[in-house]
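Following: one structure in structure tokens, then a few remarks.
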Amino acid sequence: MPIGILNNIASLSAENQLSITNSNLQSTLYQLSSGSRINSGADDAAGLAIANGLQANITALSQSARNANDGVGMLQVADGALSQVTTLLNRAVTLATESSTGTVSDSQRQALQSEFAQIKAEIDRIGGNTTYNGSQVFAGGSANNNQVTTSVTNASGLASAITGDLKIKYWDTTLATPAYTTQTFGASTGDATVGDLINDINGSGKGLIATLDNTGNVVVTDTLSRGNTTDPLADGGSTLKINGDGSADTLAGTTNATSMDVYLSDSTTAGSSSITVAMGAFDSNNMNGVSLANDDLSTQGTAKTALTDINNAIAQVAALRGQLGASVNRLQSASNVISNQVQNLTSAENGIVAGISSLAQANQQQQLVLKLLQ
């Protein structure tokens with residue numbers, strides 16, 4: 001190296017190397033103290049991008065597991081409510097059986113009917129007032145529980161006379177190519193009264209259940225899951241009339257889609273999905289397609305009819321509880337899978353970011369050995 005008197009090149013070189021050494025030392029000390037190999041983009045830009053992406057996945061999946069557990073909680077609330085409904089229906093079976101025997105007088109049946117009415121009222125209260133996190137558990141409808149209603153303003157009961165036909169369109173999955181099919185019920189099929197019409201619909205084998213509600217409406221409910229949210233529908237060609245009032249009754253179709261939607265995500269579009277559980281309206285008029293609205297225990301004959309409906313209601317409530325139980329199992333399974341994902345992604349993220357921690361631990365081990373020698 002040439003010797004100069006204006007600049008001390010050797011000193012500048014030494015100062016430069018010292019600066020580089022200090023910078024590297026500071027970075028190493030920072031890594032050792034933090035236990036992380038990557039503390040800024042300058043350490044490893046690509047590694048930082050991957051690690052941050054994994055952290056986003058972990059955060060989203062952790063919340064998704066909580067979402068699934070919340071969904072399980074809501075379904076368990078619903079199942080608990082339905083369990084109480086089953087207890088009430090079992091009591092109703094006792095009352096209806098007692099009222100059906102000939103050793104009970106009609107005046108005594110009034111007491112049985114009074115308790116039965118209270119049971120139906122309590123079922124209505126459970127259906128309307130069961131809540132989770134401030135929201136009704138049983139609200140709206142679902143893809144497999146839609147209704148078409150004919151407004152029967154002049155109906156006095158099941159014996160009300162009818163003329164004309166009620167045509168119902170439903171999504172027929174029994175066809176080679178599923179499509180809407182129109183089914184006709186009414187005068188042309190031999191139905192003379194509202195009761196005949198309801199029996200005709202219920203016996204059609206099409207998965208449709210008809211009831212007469214407290215306001216005099218014939219309500220047709222689809223009990224099958226057909227993969228289509230717009231069935232059944234009232235056909236525009238319907239001409240049904242009640243009691244010969246001279247005007248066709250108004251037909252209105254509903255396509256309720258209220259449900260519990262559990263959103264699961266790993267923060268990416270490809271890794272996001274929802275588990276939807278149908279939570280339709282539930283009361284004594286619609287227990288998964290069975291209605292007790294027109295049942296009473298005032299006479300021996302009506303008590304026997306009510307007993308059949310009550311037993312059907314018990315079976316439908318049991319089926320609904322089975323569906324809820326299956327959904328609980330699915331959500332719990334999803335939560336388990338997500339927890340496993342979180343574990344593996346956390347391990348992968350640690351492998352990228354915390355590689356220096358092993359060096360820090362190794363240094364600590366050496367220091368411990370030195371202390372033993374002191």
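The values are calculated or read from the model by the stated rules, or taken from the named source; none is laboratory data. In this text the structure is predicted, and so the values were computed from the model without any measurement. Glycine also receives a Cβ, built like all others from the backbone with ideal geometry; neighbour counts cover every protein chain displayed. Note: accessible area is taken over every heavy atom of the protein model, side chains too, but ligands, DNA and RNA are not part of it. Shrake-Rupley method; radii C 1.70, N 1.55, O 1.52, S 1.80 Å.
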Exactly one of THR269, THR276 is outside any strand (DSSP E or B), among the polar types (S, T, N, Q) and either at pLDDT 75 or above or open to solvent by 20 Å² or more (accessible area, probe 1.4 Å) (or both), and that one is THR269
request  = For segment 200-223, indicate whether the set of residues that are modelled with pLDDT of 80 or more, open to solvent by less than 60 Å² (accessible area, probe 1.4 Å) and acidic (Asp, Glu) is non-empty.
outcome  = yes
Taking segment 59-85 and keeping residues polar (S, T, N, Q) and open to solvent by less than 30 Å² (accessible area, probe 1.4 Å) leaves SER64
Only one of (1) modelled with pLDDT of 70 or more; (2) over 17 Å from the mean Cα position of the chain (by Cα) does not apply to VAL262, and that is (2)
Discussion item. Going by what's in this entry, would ALA252 be described as modelled with pLDDT of 60 or more and on the phi < 0 side of the Ramachandran plot?
Written reply: no
Cβ pairs under 8 Å, 6+ apart or interchain, first in segment 6-33 and closer than 25 Å to VAL353 by Cβ, second modelled with pLDDT under 75 and of a type in the set (D, E, K, R), ordered by first then second residue, are SER27/ASP43; GLN31/ARG37; GLN31/ASP43
Pairs returned, first residue in segment 106-117 that is over 18 Å from GLY301 (Cβ atoms), second residue that is modelled with pLDDT of 95 or more and open to solvent by less than 40 Å² (accessible area, probe 1.4 Å), beta-carbon separation under 7 angstrom, 6 or more apart or interchain, are GLU115/LEU95
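Working only within segment 299-315, note down all residues that are in contact (Cβ under 8 Å) with a residue 60 or more places away in the chain and either in a helix (DSSP H, G or I) or within 21 Å of GLY203 (Cβ to Cβ) (or both).
To start, the set of residues in segment 299-315 that are in contact (Cβ under 8 Å) with a residue 60 or more places away in the chain comprises 299-300, 303-304, 306-307, 310-311, 313-314.
Result: GLN300, ALA303, LYS304, ALA306, LEU307, ILE310, ASN311, ALA313, ILE314.
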Exactly one of LEU359, LEU345, LEU372 is within 54 Å of the chain's Cα centre (by Cα), at pLDDT below 65 and in a helix (DSSP H, G or I), and that one is LEU359
Could you say whether any residue in segment 284-298 is outside any helix (DSSP H, G or I), open to solvent by 40 Å² or more (accessible area, probe 1.4 Å), of a type in the set (D, E, K, R) and under 22 Å from THR87 (Cα atoms)?
yes
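Just name the residue that is surrounded by the fewest Cβ atoms within 10 Å (Cβ to Cβ) out of those in segment 299-342 that are under 28 Å from the mean Cα position of the chain (by Cα) and under 13 Å from ALA96 (Cα atoms).
ASN311
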_Regarding segment 96-110, can at least one residue be identified that is in a loop (DSSP other than H, G, I, E, B), modelled with pLDDT of 90 or more, β-branched (Val, Ile, Thr) and surrounded by 13 or more Cβ atoms within 10 Å (Cβ to Cβ)?_
yes
Across (1) part of a helix (DSSP H, G or I); (2) farther than 18 Å from VAL290 by Cβ; (3) over 29 Å from the mean Cα position of the chain (by Cα), GLY80 clears everything bar (3)
Counting only residues in segment 174-210 that are in a helix (DSSP H, G or I) and of a type in the set (A, V, I, L, M, F, W, C), the one farthest from VAL290 (Cα to Cα) is identified as ALA187
